[in-house]
């Protein structure tokens, strides 16, 4: 189960979501996408994204000014 | 045979009637369309009247301070409103438009070109209203290749099978 990294720092809504979706499609199922973002709205948005697309939000946290999300590619 | 209702549709869906084509009003439909597509919605945009400006090959939406009492720009550590009379001064709209574009870029907000490209790549269906295309004398080749032409009946065929229908 590999980890892939998406740096979405400095990007604003809806770009982190669009880039995350694009990357999820390109990684194998059950792999994990780690996303770094600075948009405070992304906290609620990645939770909503996962609940609507059927991907699993493993982790939603913060390191300093950066929000870190771990999403497992579980959707078809 | 019972007719399908929207509750029977497996994939979620969104349609937006896009009637406005200025820089600020161009954002909501493209942001919502691209995000919905990322959430696996089937998305249809129906462009009519000034919304057609957003599906011209060259995307260059203009901006005006006129008639927008709520518009204020963050400047000098505060917010400065733009009275309507300012719009009369030649160049003010162009300057305000450039300021808006700079602000958009500095804040990491997507450009409209980027969002429109994302919409195309995520298979957002785009329909241009045939009547307004004729009314404003646009030619098919003025519009992006991905656009279909259709009328009100086409819109209702989409809307009656769509969960969320908006008008912007």
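The values are calculated or read from the model by the stated rules, or taken from the named source; none is laboratory data. In this text, all values refer to a predicted model and were calculated from it rather than measured experimentally. Backbone-built Cβ (ideal geometry, glycine too); neighbour counts: all protein chains shown.
What to note about this one:
- Answer residue from the range A:36-52, given it is surrounded by fewer than 18 Cβ atoms within 10 Å (Cβ to Cβ) and facing chain B (nearest Cβ under 10 Å) and is nearest to residue A:66 (Cα to Cα) among those: A:38
- Counting the residues of the range B:134-162 that are within 19 Å of residue B:42 (Cα to Cα), touching a helix residue (DSSP H, G or I) at 6+ places or on another chain (Cβ under 6 Å) and exposed (fewer than 15 other Cβ atoms within 10 Å of the Cβ) gives 2.
- Test: residue in the range A:24-36 that is under 12 Å from the mean Cα position of the chain (by Cα) and within 16 Å of residue B:110 (Cβ to Cβ): no
- Only residues that are in a helix (DSSP H, G or I) and either within 14 Å of another protein chain (Cβ to nearest Cβ) or more than 19 Å from the chain's Cα centre (by Cα) (or both) were counted across the range B:102-134, and they come to 16.
- Restricted to the range A:1-10, and to residues there that are facing another protein chain (nearest Cβ under 10 Å) and surrounded by fewer than 21 Cβ atoms within 10 Å (Cβ to Cβ), the residue that is farthest from residue A:70 (Cα to Cα) is A:10.
- Test result for residue B:86, touching a strand residue (DSSP E or B) at 6+ places or on another chain (Cβ under 8 Å), surrounded by fewer than 16 Cβ atoms within 10 Å (Cβ to Cβ), assigned to a helix (DSSP H, G or I) and more than 14 Å from every other protein chain (Cβ to nearest Cβ): no
- Counting residues in the range B:42-59 that are within 14 Å of another protein chain (Cβ to nearest Cβ) and outside any helix (DSSP H, G or I) gives one or more.
- Qualifying position, being within 11 Å of chain B (Cβ to nearest Cβ) and either touching a helix residue (DSSP H, G or I) at 6+ places or on another chain (Cβ under 6 Å) or at pLDDT 95 or above (or both), among A:18, A:33: A:18
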